[in-house]
Amino acid sequence: VLNAKKILLEYGGVFISDVVGLGKTIITAMLINQLPGSRTLVIAPPALLDKKNAGSWVNTFFLFHISAQFESLGKLDNLLGGASDRFDTVVIDEAHRFRNETTETYEKLSEICRGKKVVLVTATPYNNSPKDILSLIKLFQKPRKSTIPNLPDLESFFNGLEKNIKKLNRKNNFEE
């Protein structure tokens, strides 16, 4: 939690990633508790916002005495046009759903996240290619003016990864 806080404050965003059921929601609640006065927005699937679900974001934040607003992944339109301006931290559960930056929902989320601290919660940050991770990082970092040490140009770095992967034959170069 303390490491995630340091990363979030230094770079504007952080990934909370682990396999299903290992407490990403609780870790995120503990992280938000480390940000006193944070005005937090949680974007998550409807089932994970349902008070009847014991492990929901609403119930977990209640247990940790955290004030936040909760919005369904499918209702991003409710947060556009300045409606998200009052928040300084955005938590996105199932963040891997936004790995494709060419979609309309990604554009909406990008607008919502602009200028805010971003906590990306997902069990699967990497699905198809390294560009999945780049798309998520772009929600809190400028791709050509990154503040991540030794990676000022994220676009070039991830393009290089893609190029190297495409050169490999998965059967013949299994170890690589």
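The values are calculated or read from the model by the stated rules, or taken from the named source; none is laboratory data. Bear in mind the structure is a predicted one, so any value in this text is a computation, not a measurement. Every residue, glycine among them, receives a Cβ derived from its backbone with ideal geometry; neighbour counts consider all protein chains shown. Only protein heavy atoms, including side chains, enter the accessible area calculation; ligands, DNA and RNA are left aside. Shrake-Rupley method; radii C 1.70, N 1.55, O 1.52, S 1.80 Å.
So that you can scan it fast, the table gives a plain yes or no per residue for (1) touching a Gly at 6+ places or on another chain (Cβ under 7 Å); (2) β-branched (V, I, T); (3) modelled with pLDDT under 95; (4) over 26 Å from D18 (Cβ atoms):
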residue	(1), (2), (3), (4)
E94	no, no, yes, no
F98	no, no, yes, no
T102	no, yes, yes, yes
K117	yes, no, no, no
I133	no, yes, yes, no
D153	no, no, yes, yes
G160	no, no, yes, yes
K166	no, no, yes, yes
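Only one of the numbered conditions (1) over 25 Å from D132 (Cα atoms); (2) open to solvent by 30 Å² or more (accessible area, probe 1.4 Å) is not met by S56, and that is (2). Assess whether E101 counts as being charged (D, E, K, R) and within 22 Å of T124 (Cβ to Cβ). Taking the combined requirement at face value, the residue satisfies it.
Residues of the stretch 93-119 that are open to solvent by 30 Å² or more (accessible area, probe 1.4 Å) and among the polar types (S, T, N, Q): N100, T102, T103, T105. Which residues, taken from the stretch 65-82, are assigned to a loop (DSSP other than H, G, I, E, B) and open to solvent by 60 Å² or more (accessible area, probe 1.4 Å)? Passing the criteria: H65, S67, G81.
Criterion applied to T147, T105 was being of a type in the set (S, T, N, Q) and either in contact (Cβ under 8 Å) with a residue 60 or more places away in the chain or part of a strand (DSSP E or B) (or both), and the one residue passing it is T147.
A count restricted to the stretch 30-53 and to residues that are in a loop (DSSP other than H, G, I, E, B) and open to solvent by 60 Å² or more (accessible area, probe 1.4 Å) stands at 7.
With respect to L79, determine if the residue is under 29 Å from N33 (Cα atoms) and in contact (Cβ under 8 Å) with a residue 60 or more places away in the chain.
No; evaluated as a whole, the condition is false for this residue.
Summed over the stretch 83-92, residues that are open to solvent by 10 Å² or more (accessible area, probe 1.4 Å) and either among the small types (G, A, S) or in contact (Cβ under 8 Å) with a residue 24 or more places away in the chain (or both) total 4.
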